[in-house]
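**Q** Sharing a structure, written as structure tokens. Questions coming.
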Amino acid sequence: MNNSKKEIAAGIVLLSVFCFMLLTLRIHISGSYNFLFLTWNWLLAVIPLILAFIISSLNNKKLINILSFMVLGSIWLLFLPNAPYLITDIVHLKERTTIPIWLDALMLFSFAFTGLVSGLVSLYYVHQHFMKYSGDKLSWLFICIVSTLCSYGIYLGRFLRWNSWDILTETSTLFNDIIVNLFRVKAILVIGVFTSFLIASYYIVYILLTKKENI
């Protein structure tokens, strides 16, 4: 792992520690474990980053590495929506008598920010690896396609309550829902908004990381 990856990993760890400090504080003050689900959502959000680090270590074009990229890349794409999905947990923010709303707001934002950063950084490293095989222009088409699929994954998770692993356990029902809901107005709106947001956010991350690695 190079220095950039170590620094990024350290940053994600620090963000994660802060998230869990807030969650622990909330549990202590309120005596409620209602937001413990954020622990699971956080874990699913960092899986794409771990997979991206592994993918980026496949540094040549040998057949075994190409096949590894295809397999790991598919798993990465399957879990990627879990990272920005944390943004949608803001729906749980509301006034409560047992806890100040600013604490819940900061906690939910912290988890959402950690998930978003993890997802965008993972996208950067997979993008860099894909670029080795496709070139620069085609790799940006890859970003647009991945962002669109990721956004639809967010829609499936938040509104239809599907999980990443359901593709293995409830394959036919999941694909039926994917097809049936693909052209619904709500789905198109969610996909359009999140795709635009992810591409714009990723472009900022791309610029920052590219400049850092070229220093």
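**Q** Which residue, of Phe111, Phe79, Phe159, is in contact with a helix residue (DSSP H, G or I) (Cβ under 8 Å, 6 or more places away or on another chain), surrounded by 19 or more Cβ atoms within 10 Å (Cβ to Cβ) and over 17 Å from Leu15 (Cα atoms)?
**A** Result: Phe79 is the single residue among Phe111, Phe79, Phe159 that is in contact with a helix residue (DSSP H, G or I) (Cβ under 8 Å, 6 or more places away or on another chain), surrounded by 19 or more Cβ atoms within 10 Å (Cβ to Cβ) and over 17 Å from Leu15 (Cα atoms).
**Q** When you scan the stretch 54-73, do you find a residue that is in contact with a Cys (Cβ under 9 Å, 6 or more places away or on another chain) and not in a helix (DSSP H, G or I), even just one?
**A** Among the residues of the stretch 54-73, not one is in contact with a Cys (Cβ under 9 Å, 6 or more places away or on another chain) and not in a helix (DSSP H, G or I), which makes the answer no.
To keep it simple, each residue is scored yes or no on (1) under 18 Å from Ala112 (Cα atoms); (2) exposed (fewer than 11 other Cβ atoms within 10 Å of the Cβ); (3) touching a Cys at 6+ places or on another chain (Cβ under 6 Å).
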{"site": "Gln128", "(1), (2), (3)": "no, no, no"}
{"site": "Ile154", "(1), (2), (3)": "yes, no, no"}
{"site": "Asp177", "(1), (2), (3)": "no, no, no"}
{"site": "Val185", "(1), (2), (3)": "no, yes, no"}
{"site": "Leu189", "(1), (2), (3)": "no, no, no"}
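**Q** With respect to the numbered conditions (1) among the hydrophobic types (A, V, I, L, M, F, W, C); (2) at pLDDT below 95; (3) buried (at least 19 other Cβ atoms within 10 Å of the Cβ), which one is the sole condition not fulfilled by Trp165?
**A** (3)
**Q** Same structure again: Answer yes or no as to whether Thr88 is exposed (fewer than 11 other Cβ atoms within 10 Å of the Cβ) and either in contact with a Ser or Thr (Cβ under 8 Å, 6 or more places away or on another chain) or in contact (Cβ under 8 Å) with a residue 60 or more places away in the chain (or both).
**A** It is false that Thr88 is exposed (fewer than 11 other Cβ atoms within 10 Å of the Cβ) and either in contact with a Ser or Thr (Cβ under 8 Å, 6 or more places away or on another chain) or in contact (Cβ under 8 Å) with a residue 60 or more places away in the chain (or both).
**Q** Which condition breaks for Lys61 when tested against (1) at pLDDT 90 or above; (2) surrounded by fewer than 13 Cβ atoms within 10 Å (Cβ to Cβ)?
**A** (1) is the only condition that Lys61 fails.
**Q** Here is a follow-up. Within the stretch 155-170, is there a residue that is over 28 Å from His127 (Cα atoms) and among the aromatic types (Phe, Trp, Tyr)?
**A** The answer is yes; a qualifying residue exists.
The values are calculated or read from the model by the stated rules, or taken from the named source; none is laboratory data. Small disclaimer: the values here were computed from a predicted structure and weren't measured. We place every Cβ from the backbone using ideal geometry, glycine too, and count neighbours over all the protein chains shown.
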